[in-house]
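No lab work stands behind these numbers, since they all come straight from the coordinates. This is a predicted model, so every value here is computed, not measured. In this analysis, Cβ positions are derived from the backbone assuming ideal geometry, glycine residues included, and neighbour counts consider all displayed protein chains.
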């Protein structure tokens, strides 16, 4: 069963906590963080009371590109696209399963969520492709 972790508001995630929590998936998170830095993006952790968990914003200055959450099965990247740009996600060279799941998801307000469970390098690379697309759309 998949469960979100990092829910204690008093314990901010650091490298030790993330490594202990993610286990074998921690190396993928480290590689993702390295690639994020090369794109001049930052990771910023905050505890959100409404979600009752720690979430990480992947951002450039104040512009948020996606959310990162930690689960017992790896980590997830969640993107939100407006109607006018969601179509571009379906044109990306990414796993068709991501596209199928995205097509079934209900909009959140006027935005369409794209959620990727990152459990391996291929999923991470798909997430990076979506991230780069998100960075390039206006």
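Computed values, structure above
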| item | result |
| --- | --- |
| Nearest-0.05 FRET efficiency for residue 60 and residue 24, computed from C-beta distance (R0 35 Å) | 0.75 |
| Likely footprinting exposure, 17, 36, fewest C-beta neighbours within 10 Å first | 17, 36 |
| Relative contact order (%) - the chain, alpha-carbon pairs under 8 angstrom, separation at least six | 22 |
| Per-residue Cβ neighbour rank within 10 angstrom, fewest leading, 96, 126 | 96, 126 |
| Dmax and Rg, reported as Rg then Dmax, of region 69-138 (C-alpha, Å) | 11.6, 34 |
| Residues residue 40 and residue 4, FRET efficiency given R0 of 35 Å [Cβ-Cβ distance, rounded to 0.05] | 0.80 |
| Among 53, 69, 40, residue whose mean-square fluctuation peaks in a GNM of the chain (springs only between Cα atoms under 10 Å) | 40 |
| FRET efficiency for residue 15 and residue 90, using Cβ-Cβ distance with R0 set to 41 Å, rounded to 0.05 | 0.70 |
| Over region 15-136: Kirkwood hydrodynamic radius from C-alpha pairwise inverse distances, Å | 14.8 |
| Region 98-138 versus region 21-48: alpha-carbon centroid distance in Å | 16 |
| Spacing of the two label points (7 Å from each Cα toward its C-beta) at residue 132 and residue 72, in nm | 3.5 |
